[in-house]
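Everything below concerns the one structure shown next.
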Amino acid sequence: MAGDRQGQVVLGVDSSTQSTKVLAVDAGTGEVLARGQAPHTVSTGAARETDPEVWWTALQDALGQIGRYAQEAAAISVGGQQHGLVVLDGQGRPLRPAMLWNDVRSAPQVEALVERHGAQEWADRFGSVPSASFTVSKWEWLRAHEPETAAAARAVRLPHDFLTERLSGAAVTDRGDASGTGWWASRTGAYDEDMLAEVGLDPKLLPAVLGPGEAAGQVREGAGVRPGALVGAGTGDNAAAALGLGLTPGQPVLSLGTSGTVYAVSRQRPTDATGTVAGFAAADGGWLPLACTLNCTLAVDKVAALLGRGREEVEPGGSVAFLPFLDGERTPNLPYASGLLTGLRHDTTAGQILQGAYDGAVYALLAALDLVLAVDGEDSAQPILLIGGGAKGVAWRETVRRLSGRPVQVPAASELVALGAAVQAAALLTGEAPAAIAASWNTAQGPLHDPLPRDEATLERLAAALPLAG
Ligand SMILES: Nc1ncnc2c1ncn2[C@@H]1O[C@H](COP(=O)(O)OP(=O)(O)O)[C@@H](O)[C@H]1O
Ligand SMILES: O=C(CO)[C@@H](O)[C@H](O)COP(=O)(O)O
């Protein structure tokens with residue numbers, strides 16, 4: 001089978017919050033032949049929005065950086081930031097900027113949605129108790145604040161669907177990303193018509209949900225990639241990274257990027273009524289229980305900048321507890337929170353405060369890890385796979401080791417979302433399972449760091465500070 005892939009080039013796209021990354025990959029070996037990257041602009045203040053045209057322009061820019069490979073590609077797939085609300089007119093043009101996953105203005109709308117049905121029903125029916133990140137809450141915000149735009153919508157998309165449609169002309173999504181909307185029922189594996197009626201969204205405005213391994217179509221003329229190349233269904237960025245790693249149940253992933261995420265794949269459908277674990281679908285047909293924080297690398301970089309320090313200039317010791325919830329927080333569910341720093345003394349150093357920000361960001365993720373692994377009951381003390389831009393940092397890695405007490409493996413392959421999208425594209429060429437392709441590409445390989453004794457004192461300080469953060 002691998003022979004069928006030999007010599008073919010596939011493209012994997014990661015359209016994340018801060019940038020678009022494209023990898024051109026040898027489908028036979030997994031060798032990265034070329035890479036491109038172009039930044040996005042995200043609004044600041046209360047809103048977190050990006051014009052979807054910025055994603056399209058960034059994709060074209062990144063494709064331009066991989067030279068001839070864009071015109072040699074046999075297949076392409078797009079992984080994208082989850083949940084964002086894209087509303088289009090009848091010609092596929094954005095009616096307004098996309099509201100992103102980390103825009104928490106819809107907290108009142110999601111509170112009302114959860115209250116109407118109860119957390120247990122949400123968990124049983126949709127797999128997740130929605131937070132302000134979920135698309136359904138953003139749609140409700142739009143209906144309340146910009147009813148004329150909601151009424152004018154002729155198509156509603158997620159970020160990755162928007163790009164897949166621009167590439168192929170097909171109005172499609174996949175179950176991985178659909179499971180983060182709040183209107184796709186994980187219990188039935190289909191759009192929930194009752195929920196759509198409740199929020200006044202015509203199902204005809206939504207993309208068709210493709211099954212694992214199905215293709216969206218082919219690249220059309222003028223899309224920046226060889227016309228006729230196969231286009232995969234794409235998926236959400238976390239689901240794409242899970243494909244890229246070829247995950248098996250019990251292997252925990254901790255991703256340090258704009259969002260912090262902790263997840264595993266599972267054979268059981270998640271139904272966590274506490275709301276900590278989102279019950280996403282995986283792109284290969286299984287499940288992806290996941291917890292996500294809003295404050296990760298950007299929050300720590302902001303603290304470093306405020307302190308006038310480089311991001312690695314941390315110092316051990318001291319007594320601070322720092323919950324860096326600069327954007328409000330999603331895990332724990334505190335959308336109205338702000339950053340909280342306690343335990344300052346005369347001898348506290350700037351480096352200890354910076355270390356405190358790392359500790360607080362990692363603590364929020366690790367607090368959810370046991371719940372994530374409990375979904376499948378497969379906690380075999382396997383190493384945490386550390387990925388995302390932050391995984392390149394020593395301070396991040398050492399913080400995860402010290403607070404988790406687990407071994408930590410850092411895959412040498414960076415850009416696992418784009419690599420996972422490339423795996424999905426390669427699977428279209430041969431019909432192989434994505435996990436087999438990821439295994440043959442050896443994507444998870446990288447240095448393994450032994451466990452350290454868990455720093456219980458810091459964990460206790462953070463747990464004591466948490467009730468003050470709401
Ligand atoms: N060498 C590095 N050390 C530590 N952090 C890094 C390093 N390089 C990038 N980062 C962090 O990675 C983040 C981007 O991560 P990435 O996973 O690419 O983001 P996104 O979630 O938007 O895809 C930046 O905010 C930056 O803080
Ligand atoms: O909302 C979630 C997961 O539920 C985030 O993980 C987004 O998918 C954004 O991802 P990055 O831009 O941080 O990769």
Taking the criterion of being within 16 Å of ligand 2 (Cβ to nearest atom) and either within 25 Å of Ile76 (Cβ to Cβ) or at pLDDT below 95 (or both), would at least one residue in region 429-443 satisfy it? no
Scan of region 89-107 for residues that are touching a helix residue (DSSP H, G or I) at 6+ places or on another chain (Cβ under 6 Å) and not in a loop (DSSP other than H, G, I, E, B), ordered by number: Pro94, Ala98, Met99
All but one of (1) over 30 Å from Gly232 (Cα atoms); (2) within 16 Å of ligand 1 (Cβ to nearest atom) hold for Gln81; state the number of the condition that does not hold. (1)
Suppose the filter is assigned to a loop (DSSP other than H, G, I, E, B), of a type in the set (Asp, Glu) and within 16 Å of ligand 2 (Cβ to nearest atom); does Asp284 pass it? no
Can you name the residue in region 107-152 that is open to solvent by 60 Å² or more (accessible area, probe 1.4 Å) and among the small types (Gly, Ala, Ser) and is also farthest from Glu193 (Cα to Cα) among such residues? Ala144
Do we find a residue being of a type outside the set (Ser, Thr, Tyr), modelled with pLDDT of 95 or more and more than 16 Å from ligand 2 (Cβ to nearest atom) anywhere in region 11-18? yes
Restricted to region 396-415, and to residues that are open to solvent by less than 10 Å² (accessible area, probe 1.4 Å) and touching an Asp or Glu at 6+ places or on another chain (Cβ under 9 Å), which residue is farthest from Leu33 (Cα to Cα)? Leu403
Determine, yes or no, whether Ala273 is touching a residue at least 12 places away in the same chain (Cβ under 8 Å), closer than 24 Å to Gly176 by Cα and surrounded by fewer than 24 Cβ atoms within 10 Å (Cβ to Cβ). yes
Subset of region 326-339 (residues that are away from ligand 1 (no atom under 16 Å from the Cβ) and assigned to a loop (DSSP other than H, G, I, E, B)): Pro332, Asn333, Pro335, Tyr336, Ala337, Ser338, Gly339
Qualifying position, being within 12 Å of Phe162 (Cα to Cα) and either within 14 Å of ligand 2 (Cβ to nearest atom) or of a type outside the set (A, V, I, L, M) (or both), among Val104, Val78, Val110, Val87: Val78
Output the residues belonging to region 288-325 that are outside any helix (DSSP H, G or I), surrounded by 21 or more Cβ atoms within 10 Å (Cβ to Cβ) and away from ligand 2 (no atom under 16 Å from the Cβ). Val314, Val320, Ala321, Phe322, Leu323
Suppose we filter region 31-43 for residues that are away from ligand 2 (no atom under 16 Å from the Cβ) and either assigned by the TED database to the domain that holds Ser338 or within 26 Å of Ser259 (Cβ to Cβ) (or both); how many remain? 3
Working only within region 416-470, note down all residues that are open to solvent by less than 30 Å² (accessible area, probe 1.4 Å) and among the hydroxyl-bearing types (Ser, Thr, Tyr). Thr430, Thr443, Thr458
Screening Leu366, Leu354, Leu373 for residues that are more than 21 Å from Asn238 (Cβ to Cβ) and either away from ligand 2 (no atom under 16 Å from the Cβ) or among the acidic types (Asp, Glu) (or both) leaves only Leu354
Run Pro467 past the list (1) closer than 29 Å to Gly246 by Cβ; (2) without any contact (Cβ under 8 Å) to a residue 40 or more places away in the chain and report the number of the one that doesn't hold. (1)
Could you tell me whether Val104 is open to solvent by less than 10 Å² (accessible area, probe 1.4 Å), more than 16 Å from ligand 1 (Cβ to nearest atom), outside the structural domain of Thr276 (by the TED database) and within 20 Å of Glu49 (Cα to Cα)? no
Mind checking which residues of region 219-244 are crowded, with 23+ Cβ neighbours inside 10 Å and either of a type in the set (A, V, I, L, M) or away from ligand 1 (no atom under 16 Å from the Cβ) (or both)? Val219, Val225, Ala229, Val231, Gly232, Ala233, Ala239, Ala240, Ala241, Ala242, Leu243
If I filter region 1-30 down to residues being farther than 12 Å from Ser440 by Cβ and free of Cβ contacts under 8 Å to residues at least 60 places away in the same chain, which single residue comes out as farthest from ligand 1 (Cβ to nearest atom)? Gly7
If the requirement is being touching a Gly at 6+ places or on another chain (Cβ under 6 Å) and more than 16 Å from ligand 1 (Cβ to nearest atom), which of these qualifies: Ala421, Ala435, Ala463? Ala435
Checking Gly405 against (1) away from ligand 1 (no atom under 16 Å from the Cβ); (2) not assigned by the TED database to the domain that holds Thr293: exactly one of these is not met. Which one? (2)
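The values are calculated or read from the model by the stated rules, or taken from the named source; none is laboratory data. Source: prediction; values computed, not measured. Here the Cβ is made from the backbone with ideal geometry for all residues, glycine too, and neighbour counts use every protein chain on show. For the accessible areas, the whole protein counts, side chains as well, though only heavy atoms, and no ligand, DNA or RNA atoms are used. Shrake-Rupley method; radii C 1.70, N 1.55, O 1.52, S 1.80 Å.
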